[in-house]
Amino acid sequence: MKNTIILSVKKILALTCAIGAFGAVAHADIVFSNLNQPSGLFNSGASTNGGTAQIGDEVILAGGQSGIVTNFSFEFYGSNFVGSAQSARVLFYANDGSASPAGPLNPQSILWDSGTFTIPDTFNPTYGTNCLVSFDLGAGVSVPGDFTWSVVFSGIGTSESAGLVFSTGAPTVGSGYNDYWVNTGTVISPSWSLQVNPSYSVDFLAQISTVPEPSTGLMLFSGLGVFAVIQWARRSSGKKY
Amino acid sequence: MKNSLILSLVLGVLVSGLGGYQAGAADVNGAAPILAPELAGLSLSESLAKSVACVTEADASVRDQVTADVLRNFVRSHPLELAQLVKTVSAKCPLQAGAAAGTAVVLQPDQIAAITTAAVSAAPNQTRDVVEGILSRFPANWFQVSDAALKAAPDQADAVVRAVSVTEVTLRPYLADTLAGTTVISASAARELLNRASLASTGRLMRDKQAPGNILVASKTQTGLSAGTVSGLDKSGSANGGTFSTMNATPVFGPPPVPLPVIPVEIGVGQGTGQTSGGRNYSGP
């Protein structure tokens, strides 16, 4: 009777551990963030580049681990907007293109594209000077541990400006580089260059949450299952190893 | 006795069938071709010249077969130089580029990118035949093959996309409308089209469920196409260099969690300078 009770308790504990482990796997974790340390505004140059400009930041997720992005947020600003033609478009890229003159590989393969969305003027009481934009990516977007997120601003008139918010400090979660990507072409015909600001180390403000790749969770769950079967077999046979 | 007889007959049939299979396999893998030259003892350049001459002198009605035989013969003595033969054949007989490349990748699958590059660079006007010839054998290698072809002949981007759409069935639904409506004008546009078709085909790209297959559609009535200025129309009607319909992830706007300093630093693209080689610094928490 006593053994039966002990066995039941152990079964419950094992089940709890398994459920807990699986829950941990499915839970989204913040793997990159520097939202808490804004330093300044980075003008995308859209108003002087034919109304469009694409700037991007290459980031390294915590531990360099790939994952499935379920939430993405970034900060931008818009100033002196006239009318409502101003828009933005967010894209994720794998850095799998040809090597830039400095060495790092250019962004090339598009991993995710938000499509174009209208952006507001942010110099107002609602936002202050800048604005946080968040995307719920639903089932998620699979990304490598090092990739580039970017924003294309369009419809920015000559008297208007728009850009991202940057930080000069290191991210609080994940890491980045002291440079940023600029596409002086278009999304379809890009012309990327890796640039630095002579006065500041630039990381654009963003926050990225991921869940692990399914295979990771599956392997962990399978491992727990095998462990449970071995334990059960040992109990059933009564053998001591 | 009767059973033994039946057993013997069955075994006989099996053995003869196996023999036939072996003969077939040997043929595919390089049994002595009738139409190929003897290359034993010849240098690479001599082998190339002799092999190409065999193709060029063959009657047009049997040239495909001769090309295949010549390649099978050549690969025995020069397995690592097969792409060179493909390039030479494609340059001398451009119409054989597709057949040569298609046969070559079966003989040396590891050289698929080199063979693509060789054939396309030597016969750029036959790019579609080359890519189709290769992908009809290895459709799953569409990315590698299209990438090599686009690098070798960037101005043949449209041919590459069309060839992929014909041979890679999983991408076809996402390319058909685009191909019906417009011409792919640059290598980078082709890469993006193929990349997005691939993402869409695997469900990794969100798109308008009401318009299946239209993710890559540029307006069929658009005019004035020129490199880098495709007037793609999205739902908002704005043209920003893209050709794609909008995705359905909705942005949510809100105030920043931490406001900027009262007088924020202002910098911009115009102040940037190119990163120097080895100048990249890593920053971590």
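Every number in this text was worked out from the coordinates using simple rules, so none of it is lab data. Remember, it's a predicted structure, so these values are computed and weren't measured experimentally. Here the Cβ positions follow ideal geometry from the backbone for every residue, glycine too, while neighbour counts run over all protein chains shown.
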Nitroxide proxy distance, nm - points 7 Å out along Cα→Cβ at B:LYS151 and B:GLU38: 4.1 nm
Fully extended contour minus Cα-Cα distance, from B:SER45 to B:LEU95, at 0.36 nm per residue: 15.8 nm
Full-extension gain in nm, B:THR56 to B:SER136, via 0.36 nm per residue minus C-alpha separation: 26.3 nm
Least to most buried among A:ILE156, A:ILE119 (fewest other Cβ within 10 Å first): A:ILE119, A:ILE156
In Hz, Karplus ³J(HN,Hα) per residue of region A:92-99 (6.51, -1.76, 1.60; θ = phi - 60°; x = Gly, Pro): 9, 10, 7, 8, 10, x, 6, 6
Sequence of B:TYR174, A:TYR127 once ranked by neighbouring C-beta atoms within 10 Å, starting from the fewest: A:TYR127, B:TYR174
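So for A:ARG89, B:ARG63, fewest C-beta neighbours within 10 Å to most, what's the order?
Neighbour counts put them in this order, fewest first: B:ARG63, A:ARG89.
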Straight-distance crosslink candidates among aspartates and glutamates, where the alpha carbon sits under 18 Å from B:LYS151 and sequence neighbours closer than 8 are dropped: A:ASP96, B:ASP129, B:GLU132, B:GLU192
Long-range amide H partners of A:GLY163 with built H, under 5 Å: A:SER44, A:TYR77
